[in-house]
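Each remark here refers to the structure printed beneath this line.
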Amino acid sequence: MFTGIVQGTAEAVSILEKKDFRTHTIRMPEDQLSGLEPGASVAHNGCCLTVVSMEDDLVSFDLMQETLRITNLGELVTGDRVNFERAAKFGDEIGGHQMSGHIICTAEVTRVIDSENNRQVWFRMPSDLMKYVFTKGYIGIDGISLTIGDVDNDEFNVNLIPETLTRTNMSARQQGDRVNIEIDPQTQAIVDTVERVLNNRNK
C-alpha cells in the first residue's frame, strides 16, 4: 500500500533491455535506504515494483511486459527521474489517499499553465475511464495523490503547489508527456456498483 505522498525523485542510471522485459536501476537517496532489501516494494511513478538487487545506493527492479505496456516506465531512458515512494507501514500517516500502485492507464499532458507559485496541468484520459473522474475527487498521477480540479469531456486538470513541484517530477512535465494514472479505488467501486445496479434494473 502507498499513500501518494512522494518521497522524492530518483535518477535512472542504467536500463537493461530484453525481449518484452527490462531491468532498470535507480540511485536512491541515502536517507531512503534504511531497511530496504530485495523483495521490498517501491512505487516508481506510482507503479508498484519489487526490489530485485541492491549495490550500495543502486537499486534494481524488473519490469514485465504488462508493466511496460500499461505504464510510462517503458519510455524511461538513462538520466530520467522517477517519483518514488516506499511502501507504507501500518501506523504510518496517510497524508494523501490510499493507493495500491496498480496503474490503470496513462494520460497525455495536453496543457501546462504556469502562474506565480502555481502550475495547472491538463490531462487527456481514455474516455471510458472518465466516469471515475470527478471535480474534487482523488486521483493518482505518477504516484502523486492529487485533487481533481476541472473536468471537461475527456480532459481534467490538477493544480500544483510549489512543494509538489519541488518534490516530484511534475515540474518537468510538458505537453505531450504521458503520466501514469491510478483511479481512487473507492470511487471506482462506487461507480461500478451503481452502474451494475442500474443495468440490472433495466433488464
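Return the residues of region 16-71 that are in a loop (DSSP other than H, G, I, E, B) and touching a Cys at 6+ places or on another chain (Cβ under 9 Å); say none if nothing qualifies.
Taking region 16-71 first, the residues in a loop (DSSP other than H, G, I, E, B) are 19-20, 28-29, 33-40, 45-46, 56-57, 64, 71.
If the condition is that a residue be in a loop (DSSP other than H, G, I, E, B) and touching a Cys at 6+ places or on another chain (Cβ under 9 Å), then Thr71 is the only one that fits.
Checked across region 131-152, the condition of being of a type in the set (D, E, K, R), closer than 22 Å to Gln188 by Cα and outside the structural domain of Gln174 (by TED's automatic domain parsing) holds for no residue.
Could you list all residues from region 139-150 that are among the hydroxyl-bearing types (Ser, Thr, Tyr) and touching a residue at least 60 places away in the same chain (Cβ under 8 Å)? Write out each step before concluding.
First, the residues of region 139-150 that are among the hydroxyl-bearing types (Ser, Thr, Tyr): 145, 147.
The one that is among the hydroxyl-bearing types (Ser, Thr, Tyr) and touching a residue at least 60 places away in the same chain (Cβ under 8 Å): Ser145.
Only one entry of Glu155, Glu182, Glu195 meets the criterion of being more than 16 Å from the chain's Cα centre (by Cα) and buried (at least 17 other Cβ atoms within 10 Å of the Cβ), and that entry is Glu155. Summed over region 33-48, residues that are within 18 Å of Gly8 (Cα to Cα) and either free of Cβ contacts under 8 Å to residues at least 24 places away in the same chain or more than 19 Å from the chain's Cα centre (by Cα) (or both) total 4.
Among the residues of this structure, Lys131 counts as one that is part of a helix (DSSP H, G or I) and either modelled with pLDDT of 95 or more or surrounded by fewer than 19 Cβ atoms within 10 Å (Cβ to Cβ) (or both).
Comparison of Val121, Val82, Val158 shows that the only residue that is part of a strand (DSSP E or B), more than 25 Å from Asp192 (Cβ to Cβ), among the hydrophobic types (A, V, I, L, M, F, W, C) and outside the structural domain of Arg27 (by TED's automatic domain parsing) is Val121.
The values are calculated or read from the model by the stated rules, or taken from the named source; none is laboratory data. Since this is a predicted model, take the numbers as computed values, not measurements. Positions of Cβ are backbone-derived with ideal geometry, glycine not excepted, and every protein chain shown enters the neighbour counts.
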